Amino acid sequence: MRPWVRFLPANPVGDARWRIRESEDAPVAEPEPLSRFRDIYEANYTRILGYALRRTDTADDAADVVADTFLAAWRRIDEIPQGEEARLWLYGVARRVLANHRRGQVRKDRLADRLRLDLARMDFVQPPPGFEELDRLSAAFGALRPKDRELLSLTVWEGLRIEDLSRILGCSSNAAKIRLHRARRRLARELERVGARAKPPTAVGHVEIGRASARPDTEEAH
Amino acid sequence: MNDQDDRLNTMVSRLARVRDEELAFLSVGPAAQALFQEVVSVQKPTRTLAVRRSPRRFAALSVAAGTVAILALGVMLGSTLIGSPEAAGLAFRSEDGYIVAEVTDPMAATEQLSAAFAEHGLDIDLQLVPVSPSIVGTVVAIGEEGTGGIETLQGGTCVTGGGGCPIGLRIPADYEGDADITLGRDAEPGEQFLSAADGFGPGEALHCSGLLGATVEDALEAIDARALTAVWRLSDGSDVDPATVSDYFVTEAIPWAGGEVLMWVATEPVTPPAEYLQAINQDC
């Protein structure tokens, strides 16, 4: 089973949203593509980061997926749909980037270095006691076909609706609904097989992610 | 959604290692800012864009292949055409218990290509990625679940890090697996290649240039004459001003985007094997 993650020391950051501009009242207006990309980036950064972290084994890998996804978005800024659709478009790109990553095609470059440093504060740890059930869940989930896993993940982890799935997967809503139904059925079957019935959760809840006290050796200078 | 679905959703949610809300504090962090700045600074090859050094990096899965794979349908004796190749962007034929698929239109929509496989009962998803000229229309990567079984159809003249030059797929007729296939397509102007053949190989920007092993000084002149743009890189991965290393030697060239190449240089020239030299110098 993949290790769980919790955060180690976080560098103090201000509450205000960060801005790239040197000052808020900068007199020069940004070119449209840049301001649009900024809006998309700010609105979706943690979503794509979360998407990557939930599907990769290391923070390093997640950093690469995030960097490549936004790089692709910047290069194809004219293709990104408006509004909420942009989020789905980004998930679609992240999905392809991740697939390439799993084929060993993702670069290890300096583009994601800073993010890598930030994520280095995250500590991949084994879950606390009482995780036997979660282990079985994980085994059942891991036994599914990747496409089934992704359908269920996008639905539950990213909170996507059927119509969202259909856009990302490039199929009709009806097809997405049927695929999701089948994926759930196969998961239930796997759960039966590993002895973890689909019953309400017991005492084991979602893994808490803590921001533990600072660990000097991983703290970075600013 | 019924109760059973709810319960399954709850279980799946417990498998998520992290929730987006828990990452909020990172969204205001310096890493987010730095990544933004680096990404928007990328328009042409710059030192921040140290894409994979070479196709050799992913040799295990990469099966990048040669020239546009519109070859040879007609010359395949004993084969039987099936399907409607033009419409699908793929040509299928049946051969010795295999379904052989070749790309006829590397710019076809991926949905169309996947649908073409589905018509033949194959659960294969296609994606197209921008690649250097000599591997357009070829198989860049194969991802399979389970025991595998998909083979490549070799041919073409491209020189790739993955070895070989596969121009199509050989899929067992009874294949029941689930595969993702990546094919190369033409890059848009300025679009970065996601996979590339050897820059000195047939069909690439520096084919027959004789620059492998040349000094940086000579290479600068030749690259300029070919109206190419180059990024110069040392073997440690750092970029370098070519004027400061004019007596270094060219060790490798990676196509980066149309008209753009990544030149690797070192203090000593490399001595490549004869087969490699023969492959890159075809038709020179």
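Scalar couplings 3J(HN,Hα) for segment B:176-181, obtained by applying the Karplus form with A = 6.51, B = -1.76, C = 1.60 to θ = phi - 60°, are 10, x, 10, 10, 10, 10 Hz; x denotes Gly and Pro.
When the convex hull of the Cα atoms of segment B:162-202 is projected onto a plane and the area is averaged over all directions, what value comes out in nm²?
Working: hull surface 18.1 nm².
Averaging across all directions leaves 4.5 nm² for the Cα convex hull.
As a ratio to 2.2 N^0.38 Å, the alpha-carbon radius of gyration computed for segment B:225-267 takes the value 1.09.
Taking the Cα centroid of segment B:201-264 and of segment B:97-135, what is the distance between the two, rounded to the nearest whole Å? What the calculation gives is 33 Å, centre to centre.
Annotation for the A:B interface, with buried accessible surface near 6600 Å², both sides summed [1.4 Å probe; non-protein components not counted].
Under 5 Å between amide hydrogens, which residues at least 5 positions from B:T104 or on another chain qualify, with H placed 1.01 Å from N in the peptide plane? Counting only residues 5 or more places away or on other chains, the set is B:L90, B:A91. Note that segment B:125-134 has calculated 3J(HN,Hα) couplings of 9, 10, 9, 10, 10, x, 9, 5, x, 6 Hz, one per residue in order, obtained from phi through the Karplus relation 6.51 cos²θ - 1.76 cosθ + 1.60 (θ = phi - 60°); glycine and proline are x.
Summarising the amide proton neighbourhood of B:E252: residues at separation of 5 or more, or on other chains, whose placed amide H is nearer than 5 Å comprise B:W264.
The H on the amide N of B:A230, modeled in the peptide plane, is under 5 Å from the matching H of B:V261, each at least 5 residues off or on a different chain.
The values are calculated or read from the model by the stated rules, or taken from the named source; none is laboratory data. Predicted model, so just to flag it, every value in this text is computed and none were measured. For the accessible areas, the whole protein counts, side chains as well, though only heavy atoms, and no ligand, DNA or RNA atoms are used. Shrake-Rupley method; radii C 1.70, N 1.55, O 1.52, S 1.80 Å.
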